[in-house]
Amino acid sequence: MKNFNLDSLIRKNIKILQPYSSARVEYPGDALVFLDANENSYGSPLDVNYNRYPDPLQLKLKDELSKIKGIPPQNIFIGNGSDEVIDLAYRIFCEPGKDNVIICPPTYGMYKVCANINDVSIKEVNLTQEFRLDVEAILQSVDSNTKLLFICSPNNPTGNNMNRIDIELLLNNFPGIVIIDEAYINYSRQKTFLQELTEYENLVVMQTLSKAWGLAALRLGLAFASEKIIELFNKVKPPYNINLSSQQLGIKALSGIEKVNENIKSTVEQRNILQQQLGQFDFIRKVYPSDANFILVKAADADSLYKYLSAQKIVVRNRSKEPLCENCLRITVGTPQENEILVGALRNLTPTPLRKRAN
Ligand SMILES: *Cc1c(COP(=O)(O)O)cnc(C)c1O
């Protein structure tokens, strides 16, 4: 975006906010005795001591992330899950009851929930029938109070990448902050937008350690952006938003990238196998292509298929109430054993599954 003016997008109360200054930020050095934070110097009932407050800026974890992602630590923010990153974006940029954001359904549900919590109105510009961004409609729906645009790529629940040229058009023409949610980027054939951060001041790339890194329980969501935007996130976040065990386990996990890459490879292989198998059932009308670790399918009757699978204790996600997703189920790619259980249950539904197409 030419003539991008970050200052004009920030809420006034956030611009003038005096952030909380924690004890460790005021005295960052090594002291002889720490009697500044009302911590419990006697320790805890646990073997490992968790009695001291953790690093508010998670610098060690950011150093490791920086090496893997090729992005300087000062351009990285870590949230208590991506959910916190999304919520902070609303609280930094959107005046409740006044500003609005654009989302592109069918997409991730938290963008809307966070908008509702923050009393920010949303403009929904649906994807096209082909699950592409409707660039023209998005730009037409912008008004002087439009602050954020959420683009999910690969998109949940459709599984496809958004077109790169479309995203670049939006980065060049949307007057607010463009947040690209890359939660599933490690499974994708498309490359990340991280390298575009130096080119676009209005870009925030979100990633997470919850999916390909397999750390959903630790709640480690990532945002990459200009230093100025990262400073705003740091200013508004709760001082100790990432607990010590998440920081430590996150660092440990980042040293195991080989295992992660193996698992990504297996997931992608299993995705291809499962797509082919699902395509053979006559009650599954369409198997959508996927660049993520899940597959969207259009069933003849999603509700009854969902109920049947539930009765077999197999849980998938019913997305049939989402726009453009009539009769659609979203199925996560599991281990070979899990996928076999799923396919076995589907085979039992039709004793001799009709081959729909020759693939
Ligand atoms: C799973 C997912 C996330 C990850 O959320 P966390 O809070 O980091 O676990 C983010 N965005 C999308 C679109 C997702 O599907």
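Can you name the condition, by its number, that LEU218 falls short on among (1) farther than 27 Å from PRO105 by Cβ; (2) touching a Ser or Thr at 6+ places or on another chain (Cβ under 8 Å); (3) more than 15 Å from the ligand (Cβ to nearest atom)?
Among (1) farther than 27 Å from PRO105 by Cβ; (2) touching a Ser or Thr at 6+ places or on another chain (Cβ under 8 Å); (3) more than 15 Å from the ligand (Cβ to nearest atom), the lone unmet condition for LEU218 is (3).
Yes/no matrix, rows are residues, columns are (1) touching a strand residue (DSSP E or B) at 6+ places or on another chain (Cβ under 9 Å); (2) within 27 Å of VAL297 (Cα to Cα); (3) not small (Gly, Ala, Ser):
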position: ASN116; (1), (2), (3): yes, no, yes
position: ILE122; (1), (2), (3): yes, no, yes
position: GLN129; (1), (2), (3): no, yes, yes
position: VAL135; (1), (2), (3): no, yes, yes
position: VAL142; (1), (2), (3): yes, no, yes
position: ILE151; (1), (2), (3): yes, yes, yes
position: THR158; (1), (2), (3): yes, yes, yes
position: LEU170; (1), (2), (3): yes, no, yes
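Here is a list: LEU194, LEU209. Which entry is over 30 Å from LEU329 (Cβ atoms), in contact with a strand residue (DSSP E or B) (Cβ under 6 Å, 6 or more places away or on another chain) and not basic (Lys, Arg)?
Values: LEU209 fails: over 30 Å from LEU329 (Cβ atoms).
Just one listed residue meets the conditions, LEU194.
Residue-by-condition table, conditions (1) at pLDDT below 95; (2) more than 16 Å from the ligand (Cβ to nearest atom); (3) of a type outside the set (D, E, K, R):
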position: VAL48; (1), (2), (3): yes, yes, yes
position: LYS67; (1), (2), (3): no, yes, no
position: LYS123; (1), (2), (3): no, yes, no
position: ASN126; (1), (2), (3): no, yes, yes
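Considering only region 203-212, state which residues are in a loop (DSSP other than H, G, I, E, B) and near the ligand (Cβ under 10 Å from one of its atoms). Spell out the reasoning first.
In the first step, residues of region 203-212 are kept if they are in a loop (DSSP other than H, G, I, E, B); the result is 209-212.
Result: LEU209, SER210, LYS211.
Would you check if there is a residue in region 251-267 being loosely packed, with under 14 Cβ neighbours inside 10 Å and within 16 Å of the ligand (Cβ to nearest atom)?
Taking every residue of region 251-267 in turn, none turns out to be loosely packed, with under 14 Cβ neighbours inside 10 Å and within 16 Å of the ligand (Cβ to nearest atom).
Which count do you get for residues in region 158-180 that are assigned to a helix (DSSP H, G or I) and in contact with a Ser or Thr (Cβ under 8 Å, 6 or more places away or on another chain)?
Taking region 158-180 and keeping what is assigned to a helix (DSSP H, G or I), we get 164-173.
Pick out the ones that are also in contact with a Ser or Thr (Cβ under 8 Å, 6 or more places away or on another chain) and you get 167.
So the count comes out to 1.
Test ALA183 against the criterion of being at pLDDT 95 or above, buried (at least 23 other Cβ atoms within 10 Å of the Cβ), assigned to a loop (DSSP other than H, G, I, E, B) and in contact with a helix residue (DSSP H, G or I) (Cβ under 9 Å, 6 or more places away or on another chain), and give yes or no. Before you say what the answer is, go through the steps one by one.
Working: at pLDDT 95 or above: yes; buried (at least 23 other Cβ atoms within 10 Å of the Cβ): yes; assigned to a loop (DSSP other than H, G, I, E, B): yes; in contact with a helix residue (DSSP H, G or I) (Cβ under 9 Å, 6 or more places away or on another chain): yes.
Here the answer is yes, as ALA183 does meet what is asked.
Determine whether ILE295 is away from the ligand (no atom under 15 Å from the Cβ), aliphatic (A, V, I, L, M) and either surrounded by fewer than 17 Cβ atoms within 10 Å (Cβ to Cβ) or modelled with pLDDT of 95 or more (or both). Walk me through how you get there before you give the answer.
Working: away from the ligand (no atom under 15 Å from the Cβ): no; aliphatic (A, V, I, L, M): yes; either surrounded by fewer than 17 Cβ atoms within 10 Å (Cβ to Cβ) or modelled with pLDDT of 95 or more (or both): yes.
No, not satisfied.
Might you let me know whether region 179-191 holds any residue that is free of Cβ contacts under 8 Å to residues at least 60 places away in the same chain, within 15 Å of the ligand (Cβ to nearest atom) and within 24 Å of PHE4 (Cα to Cα)? Steps first, please.
From region 179-191, those free of Cβ contacts under 8 Å to residues at least 60 places away in the same chain are 180, 182, 185, 191; that's our starting set.
Checking the rest, the ones that are also within 15 Å of the ligand (Cβ to nearest atom) come to 180, 182, 185.
Narrowing further to those that are within 24 Å of PHE4 (Cα to Cα): 180, 182.
Within region 179-191, one or more residues are free of Cβ contacts under 8 Å to residues at least 60 places away in the same chain, within 15 Å of the ligand (Cβ to nearest atom) and within 24 Å of PHE4 (Cα to Cα).
Which of the residues that make up region 199-243 are of a type in the set (Ser, Thr, Tyr) and under 10 Å from ILE76 (Cα atoms)? Break it down into steps so the answer makes sense when it comes.
First pass over region 199-243, keeping only residues of a type in the set (Ser, Thr, Tyr): 200, 208, 210, 226, 240.
Within region 199-243, SER226 is the sole residue that qualifies.
Within region 69-121, which residues are more than 12 Å from the ligand (Cβ to nearest atom) and among the aromatic types (Phe, Trp, Tyr)?
PHE77, TYR90, PHE93
Taking only pairs six or more apart or across chains, which ones have beta-carbon atoms under 9 Å, a first residue in region 207-225 that is under 20 Å from LYS237 (Cβ atoms), and a second residue that is within 7 Å of the ligand (Cβ to nearest atom) and of a type in the set (Lys, Arg)?
LEU209/ARG219; SER210/ARG219
Would you say VAL315 is assigned to a helix (DSSP H, G or I) and either in contact with a strand residue (DSSP E or B) (Cβ under 8 Å, 6 or more places away or on another chain) or of a type outside the set (S, T, N, Q) (or both)?
Working: assigned to a helix (DSSP H, G or I): no; either in contact with a strand residue (DSSP E or B) (Cβ under 8 Å, 6 or more places away or on another chain) or of a type outside the set (S, T, N, Q) (or both): yes.
Answer is no for this residue.
For region 152-168, state whether one or more residues are away from the ligand (no atom under 13 Å from the Cβ), closer than 21 Å to ASP83 by Cβ and of a type in the set (A, V, I, L, M, F, W, C).
no
The values are calculated or read from the model by the stated rules, or taken from the named source; none is laboratory data. Quick caveat: nothing in here was measured; it's all calculated off a predicted structure. Positions of Cβ are generated from backbone atoms using ideal geometry, with glycine treated the same way; all protein chains shown enter the neighbour counts.
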